[in-house]
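Working notes for the structure below.
The values are calculated or read from the model by the stated rules, or taken from the named source; none is laboratory data. It should be emphasised that the depicted structure is a prediction, and the values quoted were computed from it without experimental measurement. Glycine also receives a Cβ, built like all others from the backbone with ideal geometry; neighbour counts cover every protein chain displayed.
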Amino acid sequence: MVKPGSKTHVGLFDLNLWEFLGMKSILRVLITGLALVSFTGIASAEGDATAPAAATAPAAADVKKGKKVFKRCAACHKVGEGAKHKIGPSLNDLIGRTAGTAEGFKFSPAMVDAGAGGRVWNAETLAKFLAKPRKDIPKNKMSFSGLRKPTQITNVIAYLETFSKAKADAAAAAQ
């Protein structure tokens, strides 16, 4: 038998010890369950089911990291002074804009319909769209599959907000 403190004993998570005791599969299930709970936020301290932490508490946005993430968008979209439409529309003044309404760009009927249905771009609607564009607005022309990490989405939205007059006006009004 392996004794605590011996050279072969390395603590509670030593698979050889659990195998010796006939409980190796139980340990693996426990470790997997702990990892899932801590990673996804399935349970809170009280034991209640909750949404994942990323969905309930947005991370602090980093504009510099958002600029880096935006490089993935830059093949089709432009921002900044003198930005013109490319494959996709220019994203200047995106925040507060009704979907499918950038002047001079031919949007898909799906995007125009989303705007006609009341879709206005803000942090919430952009986050949903950037995660899965084809699922959020089916049959839109954007071929990008989406950003997978919530922090990338938060950061790219913060970057886009720096090119939005509506966001700047709201910040000035708050002061």
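Structure data summary
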| item | result |
| --- | --- |
| Positions within the range 130-153 being under 18 Å from His85 (Cβ atoms) and among the hydrophobic types (A, V, I, L, M, F, W, C), in sequence order | Met142, Phe144 |
| Residues satisfying the stated conditions in the range 120-157, i.e. crowded, with 18+ Cβ neighbours inside 10 Å, within 10 Å of the chain's Cα centre (by Cα) and in a loop (DSSP other than H, G, I, E, B) | Leu147 |
| Qualifying residue in the range 93-103 (condition: of a type outside the set (Phe, Trp, Tyr) and out of contact with any helix residue (DSSP H, G or I) (no Cβ under 9 Å at 6 or more places or on another chain)) | yes |
| Hits in the range 86-114 - residues which are within 18 Å of Ser164 (Cα to Cα), crowded, with 16+ Cβ neighbours inside 10 Å and of a type outside the set (S, T, N, Q) | Gly88, Pro89, Leu91, Asp93, Leu94, Ile95, Arg97, Ala99, Gly100, Ala102 |
| Sole exception among (1) of a type outside the set (Lys, Arg); (2) modelled with pLDDT of 95 or more; (3) farther than 16 Å from Lys67 by Cα for Asn140, by number | (2) |
| Test: Ala54 is modelled with pLDDT under 95, part of a loop (DSSP other than H, G, I, E, B) and either of a type outside the set (Ser, Thr, Tyr) or assigned by TED's automatic domain parsing to the domain that holds Ser145 (or both) | no |
| Some residue of the range 108-117 being assigned to a loop (DSSP other than H, G, I, E, B), out of contact with any His (no Cβ under 8 Å at 6 or more places or on another chain), aliphatic (A, V, I, L, M) and in the same structural domain as Phe163 (by TED's automatic domain parsing) | no |
